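Participant: Handing you a structure now.
Readers should treat all values here as calculations from the given coordinates under stated rules, not as data from a laboratory. All values reported here derive from a predicted model rather than from experimental measurement. Cβ coordinates were reconstructed from backbone atoms using ideal geometry, including for glycine residues, and neighbour counts include every protein chain displayed.
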Amino acid sequence: MRIFAYWNKRLKSLMGNRVVITGMGIWSCLGTSLEEVCQSLYTGKSGIVLDPLRKEMGFRSGLTGQLPTPELKGELPRSQRVYMPQQAQYAYCATRDALRHARIDQDWLDAHEVGILYGNDSTADAVFKSVSTIVQKKDTMLCGSGAIFQSMNSTVTMNLSVIFRLKGINLTVSGACASGSHAIGLGALLIRNGLQDMVVCGGAQEVNAAATGSFDGISAFSTREDEPQRASRPFDRDRDGLIPGGGAATVILESYESAVRRGAPILAEVLGYGFSSNGEHISTPNVDGPRRALEMSLRHAGIDLGELGYINAHATSTQVGDTNEAKAIYSIIGDRRIPVTSTKGQTGHEMWMAGASEIVYSMLMMKHGFIARNLNFEHPDEDSARLLIPAERLDVHFDTFLSNSFGFGGTNSSLVIRNL
């Protein structure tokens, strides 16, 4: 028995721990509960609107994803709320719901070492308000005691780790629009290597004019303002730019042994994580970088392409980005008819949140037996025509999906998830 136990332990150390998802939560323009978001995906609902305030401010495009601001008064004391900017509030709600979904209460968190890795790459509104106060009032003390904590990029992880009294790794992942995906991938690596049993992972993005003005200034956004819900057009020949969105999404990653031990609902397994850097232009993506991330994720997952039932594309509705991703995907799958869609047709580009929210969206589709339509895909171009991009919902069963996230600076992340 001792010999068996020894070799079992050795084998486990060589292979690593299995990493599973035991809870999810989301605060999105498609809804603020898993049920509401799933229904929006199923019906093809768009969360994009025209914001008049942005036009008054001189924005080239006033289009944005629209979602409610959480009402946390009565749920959290003012001494905690004062430190939380918009994206930290979104992240709190998503994480609260994900922990409940995973059947984890505060007593369990207090008794175990749980980590947090969350994607967030800027905190614009809080910085803008603090600097504006200083300039107008000529007194730094009028910024308020919470300003510094709201202004830091690590605001989400510092707030959530305090609120939920987390004692494991506490780190913000700053990887542009791949931040949320990298957070999940890195969390999986920590668990696989036995450094943590559980990590709260996700991504958050504030939704306000301060956060997106500089994007508008480089003409990144669609100007199809007369048809807000038809403006985000991933892979479509007539796309003219992305739509900013945001919110927060959280997934609870846990070792398989930990999940079984506590009788947790095991939703899926994180099979593979692939990453790369383009090593070229700071804002223009290429084909080689995404292709290498895709290859690595599949190699890490150890699956055959025939097992892949769905690809959630990064495709943001920009000309070059969508074209190069279509080329990268085709270079991997060839003529295999694997459905490929971008949920950004419904949500716009949720930026730092997107890599996490699209795991939640894909999980909901996998669990409920459908693939949401690639909204507003009416006219394929030369590259998207080579892929199976459904313009209508597919009611199909699939057990394994791959999700892409790419960001400024050429950072790329791909995740492979399998149903359990």
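Participant: Lysine pairs in the chain with alpha-carbon atoms under 25 Å apart, 8 or more places apart or on different chains: how many are there?
Facilitator: Number of lysine pairs found: 10.
Participant: While we're here: Could you tell me the distance between the Cα centroids of region 250-317 and region 366-385, to the nearest Å?
Facilitator: Cα centres, region 250-317 to region 366-385: 20 Å.
Participant: Per DSSP helix of 4 or more residues, -39500 (n - 2.57); summed, then divided by the residues of the chain. What does that give at 222 nm, rounded to the nearest 500?
Facilitator: Values: 16 runs with 160 residues, N = 420.
Result for the chain, helices only: -11000 deg cm²/dmol.
Participant: What number comes out for the charge environment of A102, summing +1 per Lys or Arg and -1 per Asp or Glu over other residues with Cβ under 12 Å away?
Facilitator: Values: positive: R96, R100, R103, R262; negative: D97, D105, E254.
Residues close to A102 contribute a combined charge of +1.
Participant: Multiply the residue separation of L305 and R261 by 0.36 nm, subtract the distance between their alpha-carbon atoms, and state the gained length in nm to one decimal.
Facilitator: On the way: separation 44, 0.36 × 44 = 15.84 nm, distance 3.25 nm.
Result: 12.6 nm gained on full extension.
Participant: Sort 221-234, 62-75, 324-337, 84-97 by the packing proxy (mean of other Cβ within 10 Å over each peptide's residues), most packed first. Write out the running numbers ahead of the final one.
Facilitator: Details: 221-234: 21.4, 62-75: 16.9, 324-337: 18.6, 84-97: 27.0.
Averaged packing, sorted descending, gives the order 84-97, 221-234, 324-337, 62-75.
Participant: Taking only C-alpha pairs under 8 Å that are 6+ residues apart, what is the relative contact order of region 125-259 in percent? Could the numbers behind the result be given before it?
Facilitator: Working: 139 pairs, mean separation 29.8, N = 135.
About 22 percent, as a whole number.
Participant: Using mean Cβ contacts within 10 Å as the protection proxy, how do 402-411, 275-284 order, highest first? Walk me through the intermediate numbers first.
Facilitator: Numbers: 402-411: 24.7, 275-284: 14.5.
Final packing ranking: 402-411, 275-284.
Participant: Also: Can you find, among P339, L189, M84, the residue farthest towards the positive end of the dipole of the chain? Put +1 on the C-beta of Lys and Arg, -1 on that of Asp and Glu.
Facilitator: About the Cα centre, the residue reaching furthest to the positive side is L189.
Participant: Here's a follow-up. Given the Cα-Cα distance of K167 and I218 and 0.36 nm per residue of separation, how much length would full extension add, in nm?
Facilitator: 14.2 nm
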